[in-house]
There are 2 protein chains.
Amino acid sequence: MSEFKLHILGCGSATPSLRHLPSCQVVEYRGQLLMIDCGEGAQLSMRRMGLKFSRLTHIFISHLHGDHCFGLPGLLSTLALHQTGGTVTVHTFAEGARLFKEMIDYFCRERSYELKFDIIDPAKAQTVLDLPGLTVESFPLRHRVPAVGFIFREKPKPLHLRGDMVKFHNVPVSQMKAIKEGADFINEDGKTIPNAMLTTPADRSYTYAYCSDTVYTPALAKIVEEADLLYHEATYADDAADKARARGHSTASEAARIASLAHVRRLVIGHYSKAYNTEERHLSEARRIFPDTMAANEGMTIPIDCRHQL
Amino acid sequence: MSEFKLHILGCGSATPSLRHLPSCQVVEYRGQLLMIDCGEGAQLSMRRMGLKFSRLTHIFISHLHGDHCFGLPGLLSTLALHQTGGTVTVHTFAEGARLFKEMIDYFCRERSYELKFDIIDPAKAQTVLDLPGLTVESFPLRHRVPAVGFIFREKPKPLHLRGDMVKFHNVPVSQMKAIKEGADFINEDGKTIPNAMLTTPADRSYTYAYCSDTVYTPALAKIVEEADLLYHEATYADDAADKARARGHSTASEAARIASLAHVRRLVIGHYSKAYNTEERHLSEARRIFPDTMAANEGMTIPIDCRHQL
């Protein structure tokens, strides 16, 4: 069972249409829910997808355009009716923290949980969250306003102990943690048993990268390199490449080019302009460049820790 | 065809559920759309119901609880992408105007329409809008925070000229407006023709009254007296009458009692607590007291200028 997956709650752009909701995703990591962007209706989508409010601990806002954050007041108010104790941290730029804090302090004075705001500097790459097992980093994107992407990166996992060798060398329990982290073992006779004799390789650590909204920026490829899953906005298809550039957005082909340059395993595109009635063009244009492309859709869940090469 | 009708966009309470959206209604009057309350998702509901953004001119907020106004930032931003010219006025309390103005000034600096805020004093009854043919009045409700209801009242309509008599008495066109408004006619010989000889009665003027959120307040009956349609909140059924009182809400029976005391023509109830899975109880309890009761539901349109007694 997947312990690290992505839920798509909204993948439209600008104004919500009857086809797509504004931007919102939830990264589920070992039972915790980490939200990325919070477009209007996010709380309703959580309900619809059966994502429990009580498991939501962090919300990351990529930039201060309404279609990425207007769901915050409603969601943060609703949490007050459900959350008992616990802390929810909103990671956003200073101005967003000020505006939403004022709003929520007025409308939701009595909160049953602790609400924190953590300030992201949009100008630099930084670690914005450090959990056991996972870090979240932000990095600058290029859009009409300051914007950042996020990388959810699993930390290196412990090596696997070889049961037979642990038994053979009489490894005491007290030593096991160090060995799983790579230490050699010195037995009672003072003899060093090299780590490689006692362990098999650790499980792979997985990475999810989120890039929205951004104009095509080849330098991003280095940052999201070898991600297991990359979400890259694809507001337009090739027919509107000029419009994409002018508005600080990308085409599906450009998203695929980043995926290809970055050697990611899989790409998921979204943030579709409502000018399109289907995403078939986006998808076929992207797949020509990067075959392992999916088109995001509301309600979709994608495992990030997918063991098989697709 | 109805020129004066009510669209139900959301009729749930507190947190949106999978059954109901938070409070939002649109009064359609001769093609203009006048919104009452603007819960999260209002803009999407407008799209869903085919209500054109360009026809929206006024938004009335009954009180500053999130489930009655968190759709404002999204709606007002989306209007900027659709509205070309024109004015949209948000009628709300001073603190709401301050908070939402700040929000929208940050997120939607460049607006293609004029956005005005008009301050409602929650402590008194007042006319908040005077249109040709219609006035909108606010009046205090009793809730946990300051709250007002609204009455949409058609002005008296002109009398109908009797074609035969107009011809017989040689009434010039220049006099017709005054006669339709009730004046007598003095003919060329200086003889007074009484108005009643020249006209038949005006069409009936219709009234819609909105009461949400409020605790049961019999004095409201006088204010909404003889409304053609009364919306009264009915958060709870009889089983939770104590809870209703404690939380500043009403039961369906209490809504019906107001309708009965006020001799309104029809009652529509809504603002259902999400504790209920159906509104059957609300409806049957209300109908026991006031038979002409409807249960509001998203997507419903109700003519206010309904000529027939139902």
Worksheet item: Name the strands (runs of 3 or more DSSP E) wholly within the range B:24-132 that hold at least 3 residues that are of a type in the set (S, T, N, Q)?
Response: B:87-92
Worksheet item: Given the structure, is A:Cys69 in contact with a strand residue (DSSP E or B) (Cβ under 6 Å, 6 or more places away or on another chain), touching a residue at least 24 places away in the same chain (Cβ under 8 Å) and within 10 Å of chain B (Cβ to nearest Cβ)?
Response: yes
Discussion item. I'd like to check something: does the range A:243-262 contain any residue that is under 23 Å from A:Glu40 (Cβ atoms), among the β-branched types (Val, Ile, Thr) and in contact with a His (Cβ under 7 Å, 6 or more places away or on another chain)?
Written reply: no
Item to complete: Run A:Leu9 past the list (1) in a loop (DSSP other than H, G, I, E, B); (2) of a type outside the set (Val, Ile, Thr); (3) under 16 Å from the mean Cα position of the chain (by Cα); (4) crowded, with 23+ Cβ neighbours inside 10 Å and report the number of the one that doesn't hold.
Response: (1)
Practice prompt. Please verify whether the range A:44-54 includes one or more residues that are assigned by TED's automatic domain parsing to the domain that holds A:Ala275, surrounded by 24 or more Cβ atoms within 10 Å (Cβ to Cβ) and within 11 Å of the chain's Cα centre (by Cα).
Written response: no
Worksheet item: Among (1) more than 9 Å from chain B (Cβ to nearest Cβ); (2) of a type in the set (A, V, I, L, M); (3) in contact with a Pro (Cβ under 6 Å, 6 or more places away or on another chain), which single condition is A:Met103 missing?
Response: (1)
Response to the item:
Of (1) more than 7 Å from chain A (Cβ to nearest Cβ); (2) out of contact with any Lys or Arg (no Cβ under 7 Å at 6 or more places or on another chain); (3) acidic (Asp, Glu), B:Glu28 satisfies every one except (2)
Item to complete: Check the range A:215-226 and report whether any residue there is outside the structural domain of A:Ala295 (by TED's automatic domain parsing), within 23 Å of A:Phe4 (Cα to Cα), loosely packed, with under 15 Cβ neighbours inside 10 Å and not aromatic (Phe, Trp, Tyr).
Response: no
Fill in: When residues of the range B:179-207 are limited to those that are closer than 30 Å to B:Ile61 by Cα and touching an Asp or Glu at 6+ places or on another chain (Cβ under 7 Å), the one surrounded by the fewest Cβ atoms within 10 Å (Cβ to Cβ)
B:Ser205
Worksheet item: B:Glu225 is checked against (1) modelled with pLDDT of 95 or more; (2) out of contact with any Leu (no Cβ under 9 Å at 6 or more places or on another chain); (3) acidic (Asp, Glu) and fails just one. What number does that condition carry?
Response: (2)
Worksheet item: Looking at the range B:155-269, what helices (runs of 4 or more DSSP H) fall wholly within it and have at least 3 residues that are of a type in the set (A, V, I, L, M)?
Response: B:173-180, B:195-198, B:220-223, B:241-246, B:252-261
Discussion item. Tell me whether the range B:109-127 contains one or more residues that are over 18 Å from the mean Cα position of the chain (by Cα) and surrounded by 21 or more Cβ atoms within 10 Å (Cβ to Cβ).
Written reply: no
Fill in: The lone exception for B:Arg287 - which of (1) part of a helix (DSSP H, G or I); (2) crowded, with 24+ Cβ neighbours inside 10 Å it fails
(2)
Worksheet item: Which residue, of A:Leu34, A:Leu51, A:Leu9, is more than 9 Å from chain B (Cβ to nearest Cβ) and touching a helix residue (DSSP H, G or I) at 6+ places or on another chain (Cβ under 6 Å)?
Response: A:Leu9
Worksheet entry | Given (1) in contact (Cβ under 8 Å) with a residue 40 or more places away in the chain; (2) more than 10 Å from every other protein chain (Cβ to nearest Cβ), index of the condition A:Lys124 fails | (1)
Worksheet item: So A:Tyr106 clears everything in (1) assigned by TED's automatic domain parsing to the domain that holds A:Ser62; (2) surrounded by 14 or more Cβ atoms within 10 Å (Cβ to Cβ); (3) over 24 Å from A:Leu229 (Cα atoms); (4) under 29 Å from the mean Cα position of the chain (by Cα) except one condition, right? Which one?
Response: (4)
Worksheet item: If you check A:Phe139 against the conditions, is it away from chain B (no Cβ under 14 Å), part of a strand (DSSP E or B) and more than 18 Å from the chain's Cα centre (by Cα)?
Response: no
Practice prompt. Please find, among B:Thr84, B:Thr78, B:Thr92, the residue that is of a type in the set (Val, Ile, Thr), in contact with a Phe, Trp or Tyr (Cβ under 8 Å, 6 or more places away or on another chain) and within 12 Å of chain A (Cβ to nearest Cβ).
Written response: B:Thr78
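The values are calculated or read from the model by the stated rules, or taken from the named source; none is laboratory data. The structure presented is a predicted model; accordingly, all values stated were derived computationally and were not measured. All Cβ positions, glycine included, derive from the backbone under ideal geometry; neighbour counts span all protein chains shown.
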